Amino acid sequence: MSERLRRWRMILGGQDADGTGTALSGVDARRDAALEALYGKESDRRGGLGASSPRVARWLGDIRGYFPSSVVQVMQRDAIDRLGLRELLLEPELLESVQPDVHLVGTLLSLNRAIPERSRETARAVVRKVVDELEKRLAQPTRQAVSGALHRAGRTNRPRHGDIDWNRTILANLRHYQPEQRTVVPERLVGFGRRLPSVSRRIVLCLDQSGSMAASVVYASVFGAVLASIRSLRTQIIAFDTAVADLTEAMPDPVELLFGVQLGGGTDINAALAYCQSRIDAPRETVLVLISDLFEGGDEAAMRQRAQALRADGVQVVCLLALSDDGAPAYDHDNAAALAALGIPAFACTPDQFPDLLAAAIQQQDLVSWTAANDIPTAAPAEGGQ
């Protein structure tokens, strides 16, 4: 069999009309059977895997052996959606067979109240594994970016000797170079004060916990735990649907925080912003990150006025339509444009971009310019403003 025919046979699936006349054997045949179980005609009638936990567990083990990790994650998500496997995820033996990822965590969180006691520890272990992997990836860049931003925000021209930034000091004093001594005599010292105030900035993460925001909630919980470990920050996490839940006390352990979230409810952004506003005691030192697709189930006009009032008080407000790697999200374009007209940028942000975004906000940079410099598309302001 030629390599080209083999590949076409794998793509076309071996149905009567595939036209290749080619049979598969060995690993190729087993790989094809795994694909057929999920994507073949029988799977449309839920006949490819059936509602059998052992059979699904074997299939999950097969695809992990036949396909790369990125493909396995896609197939797992498709199996949950196409074959109605949500209920089977409540079985501990099945959970042990699944390759954990952010989307699986989102599915488990949406089923949180339905998870039976026998499966709860396994579900928590799955969530813990994903959270630990995300912390390894994101913690150091976040601490580095945020700590650097805090020190830059506290720049001083009268630093102690140990706090002098010599590179910046030399650049600022090159005109005072003394050729005969072959040295620069600094007129002005530049440095960073090491002793920042006990709390120099406040961060409020306001999380929409509607079902479409599952991945964003997972990432935000991990970032919340990392930010909570930075002493010069005071970080709060507020989750909302039609009600508001302050999850700040659970923030040091993102797994506990995630199991305190109830995905899939309605949305009242105005009520959430009102709660956040009541908890902000230093507006000009506060960054409020609203993570929401902006589909408001409450009073839209009141929500926009609340956002405008927060801006007027001096709060640095930014709206993330998604905090995930999933690409362009669905969102309410009218509300996004209305916020943009108020000077509140609304855009999707990947987890790898978030530390730099937060650093820019802490330094009170123009976030519209920051998004443009980083080639991040933002919602266009509504015509005529607000």
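The values are calculated or read from the model by the stated rules, or taken from the named source; none is laboratory data. Since the model is a prediction, treat every value here as computed from it, not as a measurement. With ideal geometry, Cβ positions are generated from the backbone for all residues, glycine too; neighbour counts draw on all protein chains shown. Please note that ligands, DNA and RNA were not included when accessible areas were found on the heavy atoms of the full protein model with its side chains. Shrake-Rupley method; radii C 1.70, N 1.55, O 1.52, S 1.80 Å.
Observations on the model:
- Contact annotation: residue pairs with Cβ atoms under 9 Å, 6 or more positions apart or on different chains, pairing a residue in region 285-300 that is open to solvent by less than 10 Å² (accessible area, probe 1.4 Å) with a partner that is aromatic (Phe, Trp, Tyr) and part of a strand (DSSP E or B), are 292/240.
- Scope region 224-235; condition of a type outside the set (Ser, Thr, Tyr) and either open to solvent by 20 Å² or more (accessible area, probe 1.4 Å) or in contact with a Pro (Cβ under 8 Å, 6 or more places away or on another chain) (or both); matching residues: 224, 225, 228, 231, 234
- Selection from region 349-372 of residues that are over 14 Å from the mean Cα position of the chain (by Cα) and touching a residue at least 60 places away in the same chain (Cβ under 8 Å): 359, 360, 361, 362, 363, 364
- Residue that is in a loop (DSSP other than H, G, I, E, B) and hydrophobic (A, V, I, L, M, F, W, C), where the choices are 85, 104, 89, 94: 85
- Of all residues in region 81-96, those that are open to solvent by 80 Å² or more (accessible area, probe 1.4 Å) have Cβ atoms under 8 Å from Cβ atoms of residues that are outside any loop (DSSP other than H, G, I, E, B) and aliphatic (A, V, I, L, M), 6 or more apart or on another chain, in 82/38; 86/80; 93/57; 96/57.
- Hits in region 108-122 - residues which are surrounded by fewer than 20 Cβ atoms within 10 Å (Cβ to Cβ) and in contact (Cβ under 8 Å) with a residue 60 or more places away in the chain: 110, 112, 113
- In the set (1) at pLDDT 80 or above; (2) assigned to a helix (DSSP H, G or I); (3) over 19 Å from the mean Cα position of the chain (by Cα), the condition left unmet by residue 138 is number (3).
- Flag for residue 21 being at pLDDT below 75 and either within 33 Å of the chain's Cα centre (by Cα) or surrounded by 12 or more Cβ atoms within 10 Å (Cβ to Cβ) (or both): no
- Some residue of region 66-81 being at positive phi and modelled with pLDDT under 80: no
- Hits in region 318-341 - residues which are touching a Pro at 6+ places or on another chain (Cβ under 9 Å), open to solvent by less than 60 Å² (accessible area, probe 1.4 Å) and among the hydrophobic types (A, V, I, L, M, F, W, C): 318, 319, 321, 322, 323, 337, 338, 339, 340, 341
- From 258, 227, residue being farther than 22 Å from residue 200 by Cβ, touching a Leu at 6+ places or on another chain (Cβ under 7 Å) and not polar (S, T, N, Q): 258
- Any hit, region 143-156, residues being over 23 Å from residue 355 (Cβ atoms), open to solvent by less than 50 Å² (accessible area, probe 1.4 Å) and either in a helix (DSSP H, G or I) or modelled with pLDDT under 75 (or both): yes
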